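Report on the structure given below.
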Amino acid sequence: MMGTIRLLVLLSTLTLAVDSMTTRKNALHNFLKTSGHVLIKKSLQQKSKRMDNIEQCAKRCMKFKGFVCRAFYFGKSEKRCYWLSFNSKTKGVKGKPDKAFDLYERKDYIRECIIGKGKNYRGTKSVTESGQTCQHWNSTIPHDHRFLPSNNRNKNLKENYCRNPTDDEGGPWCFTMHPRIRLESCAIPQCSEVECMTCNGETYRGPMDHTKSGKECQRWDLQMPHKHRFNPERYPDKGLDDNYCRNPDGRTKPWCYTLDPHTPWEYCDIKECVHNCEHDLEVTTECFKDLGESYRGTMNTTPSGIPCQRWDVQYPHQHNFTPENYKCKDLDKNYCRNPDGREAPWCFTTDPEIRVAYCFHIPRCENKTPISEECYQGTGTTYRGSVSKTRTGIHCAPWVNYSQAIARITLDTNTESLAENYCRNPDADKHGPWCYTSDPLTPWDYCAIEPCDKTTSSELASAVQFPGTRQCSSRIQTRIVNGFRATAKTSSWMVSLRHRDIHFCGGSLIEQNWVLTAKHCFSTCKPDLRGYEAVMGILKDDKSEEAHKQVREISQLVCGPDGSNLVMLKLSRPVKSTSYVHWIKLPQPGCEISEGTLCNISGWGETKDTGYEGELKVAQIPIIGNKKCNEYHQGKIQINESEICAGDEKGTVGTCERDYGGPLVCEEHNQSLLQGVIIPGRGCAKPKRPGIFVRVSYYVTWIHKVCKTYKKHNRIG
């Protein structure tokens, strides 16, 4: 019996020990970080020693005896700590940038606000609420007192600075120099009130670092006790400094992860500004800028035509995005909005099986280059005009600078037409005149010229199938509505495109470092690519997929020819070819797929109760000829030579929201070929409404041209 009791006591002791280890506070939470910065004041005391990491430096700074450590900086390469008896507020101290060091200053000595009663306040304020100068703590004139520094060594009673040695409810105070006013509060503000928040606090950058219940916040640059995705380097525009309350993901108010291992996160109690909804948004109604947070138009359907759900109702989808919670976001009726800073305006849908859809069909507000009054015939090989700007406004570079490159792309030795820097088409590119540019990020692009006959391609209804150079028999796997589970090896080219870890579109890996997807997924040719990633090698996003998952940042976006609905995404570095991640082959230019051929579509979009939500779906659908497809769509949509139709007559299988950009894959001679790219159609798997896809074979020459000419060009953001 006694042995059992001893065992229980031992187990409880071990449990408490383990719990204390998991809740151990990292000393860095007591410091304010300034990257690439040092402080200089040779006459003031400092110490240095080699240490393995920054946390050890912080611990030592907190534990010094006989040396008041107010700050330190850490040499990254030499692994040396420099502890300082001063900080940036000390008189005569100068700072200078130095990328080799990161400066850490103790918050208690640097900030002029308090948490709770301000017991740990170590600031330098020495004037009371009514403007009285504070009496020095080591003086008893004009007021005698018992709070001498020599008798209160742990109270930090320095100079005549405001302190709270009595743990008074009113916060830090001091004796005053006025004979008739013994003591008075210093009225140091609460950190939650130093800066007020507007709207939902997305731009709040104040110093509050405790939650509403009083829990201390976890640093954003640490992963303990809670792992998270909000790394400051990944979200440089979200103000994720130290462990301050912030709102990086559009919640109802600023929040933070906590140091309590049992409480992942909590909201912070931040004071609202008097004019809470006044901000300098440049409202747009016909198009949207940046992420579309200022869009106030009346678009109220998804790209597939599904009506949006009203923001003030909870059916068919329950949610927290109510007009009351997001007062500044104009959540009016059922209009597309972006209250939480996602990739683009979005809405909940009225389809019970499709929760959310992006409104990618709203055009982006872009300063487009005016189209020239000149035009070109056919493909523009005979164009001899003087336009010398690309469609995005970049000036063309002189052809003479690219004589060797021109020789590689054309057999025509007559280069007399390549005058100065005028737009030309020396390689008979089917999409029109183009030019090289001097922009290092844009080796070449098409020009701001339209064809003289604007119906030559985009308005050509395909009553006759597009003439192919060879037959392409195929089989495609998709998502998708009533789809079946995908297997890794058959979907190794599948890409999940994510913005801040949220899937918004599919894509296809077509080279080691190139992804092909739909332009609807971006709506602009010049996006800010920070926070965008391509995730490959997964069927569903959970820990079982980690071993073979590959993640790459997107470093560049290249828009396809006008009207193509395509973009190519360059990855920050090539993927590693495995059985789970490998690029798919492209079809030969102009090849034709026979009507009735079974192909596969793939995606992570919404499903109709197949039980596989959150997993990649693959579904099989037949190719439908363009003439029959036009009949199904009753003339409301004209399918042209650059598009393919596929889908079953009953509408039991098809593409849907968030499948956009994904592949239509067909097999020929045991090789999987990327034949189509999913774009918005008319509804999700509707009877007699086949899905519409971009025909890859129509644009494959452009794809090869980009892969070849953009090899040396790479960037992030």
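Table for the structure above
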item: Test: residue in the range 693-706 that is closer than 27 Å to Tyr446 by Cα and at pLDDT below 90; result: no
item: Criterion (at pLDDT below 95 and touching a Cys at 6+ places or on another chain (Cβ under 6 Å)) met by exactly one of Met51, Met2, Met21; result: Met51
item: Looking only at the range 336-351, and only at residues there that are surrounded by fewer than 21 Cβ atoms within 10 Å (Cβ to Cβ) and in contact with a strand residue (DSSP E or B) (Cβ under 8 Å, 6 or more places away or on another chain), the one that is modelled with the highest pLDDT; result: Thr350
item: Neighbours by Cβ (under 9 Å, 6+ apart or cross-chain): first from the range 549-562, over 13 Å from Arg530 (Cβ atoms); second among the hydroxyl-bearing types (Ser, Thr, Tyr) and in a strand (DSSP E or B); result: Pro561/Tyr446; Asp562/Tyr446
item: Test result for Cys57, part of a loop (DSSP other than H, G, I, E, B) and either without any contact (Cβ under 8 Å) to a residue 12 or more places away in the chain or crowded, with 17+ Cβ neighbours inside 10 Å (or both); result: no
item: Flag for Arg251 being closer than 26 Å to Ile54 by Cα and not polar (S, T, N, Q); result: no
item: Pick from the range 36-55, criterion out of contact with any helix residue (DSSP H, G or I) (no Cβ under 8 Å at 6 or more places or on another chain) and aliphatic (A, V, I, L, M), ranking: farthest from Asp98 (Cα to Cα); result: Leu44
item: Close pairs (6 angstrom Cβ cut-off, 6 or more residues apart or separate chains): under 20 Å from Asp98 (Cα atoms) in the range 23-35, in a strand (DSSP E or B) and of a type in the set (Phe, Trp, Tyr) anywhere; result: Phe31/Tyr104; Lys33/Tyr104
item: Selected residue (criterion: surrounded by the fewest Cβ atoms within 10 Å (Cβ to Cβ)) from residues of the range 69-94 that are within 33 Å of the chain's Cα centre (by Cα) and among the small types (Gly, Ala, Ser); result: Ser77
item: Whichever residue in the range 284-324 is under 23 Å from the mean Cα position of the chain (by Cα), touching a residue at least 60 places away in the same chain (Cβ under 8 Å) and in a loop (DSSP other than H, G, I, E, B) and, among such residues, is nearest to Ala357 (Cα to Cα); result: Thr302
item: Filter pass, Asp312 being touching a Pro at 6+ places or on another chain (Cβ under 8 Å) and of a type in the set (D, E, K, R); result: yes
item: Options Tyr109, Tyr104: the member that is surrounded by 14 or more Cβ atoms within 10 Å (Cβ to Cβ) and either assigned to a strand (DSSP E or B) or within 31 Å of the chain's Cα centre (by Cα) (or both); result: Tyr104
item: Among (1) more than 22 Å from the chain's Cα centre (by Cα); (2) closer than 22 Å to Gly563 by Cβ; (3) not aromatic (Phe, Trp, Tyr), the one test that Pro363 misses; result: (1)
item: Count of residues meeting criterion [under 30 Å from Ile40 (Cβ atoms) and buried (at least 17 other Cβ atoms within 10 Å of the Cβ)] in the range 127-150; result: 3
item: Selection status of Pro261, in contact with a strand residue (DSSP E or B) (Cβ under 6 Å, 6 or more places away or on another chain) and surrounded by fewer than 16 Cβ atoms within 10 Å (Cβ to Cβ); result: no
item: Test: residue in the range 154-164 that is closer than 30 Å to Ile502 by Cα, touching a residue at least 12 places away in the same chain (Cβ under 8 Å), out of contact with any helix residue (DSSP H, G or I) (no Cβ under 8 Å at 6 or more places or on another chain) and surrounded by fewer than 22 Cβ atoms within 10 Å (Cβ to Cβ); result: no
item: Candidate set: the range 525-557, residues that are over 19 Å from Ala344 (Cα atoms) and in contact with a helix residue (DSSP H, G or I) (Cβ under 9 Å, 6 or more places away or on another chain); chosen: the one modelled with the highest pLDDT; result: Gly537
item: Tally, over the range 279-320, of residues that are buried (at least 16 other Cβ atoms within 10 Å of the Cβ), among the hydrophobic types (A, V, I, L, M, F, W, C) and modelled with pLDDT under 95; result: 3
item: The range 192-218 residues that are within 21 Å of Cys328 (Cβ to Cβ), paired with ones that are surrounded by 17 or more Cβ atoms within 10 Å (Cβ to Cβ) and of a type in the set (Gly, Ala, Ser) (beta carbon under 6 Å, 6 or more apart); result: Glu195/Gly206; Arg205/Gly239; Met208/Ser192
item: Any hit, the range 523-534, residues being under 19 Å from His431 (Cβ atoms) and small (Gly, Ala, Ser); result: no
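The values are calculated or read from the model by the stated rules, or taken from the named source; none is laboratory data. Small disclaimer: the values here were computed from a predicted structure and weren't measured. FYI the Cβ positions are ideal-geometry reconstructions off the backbone, even for glycines, and counts take in every protein chain you see.
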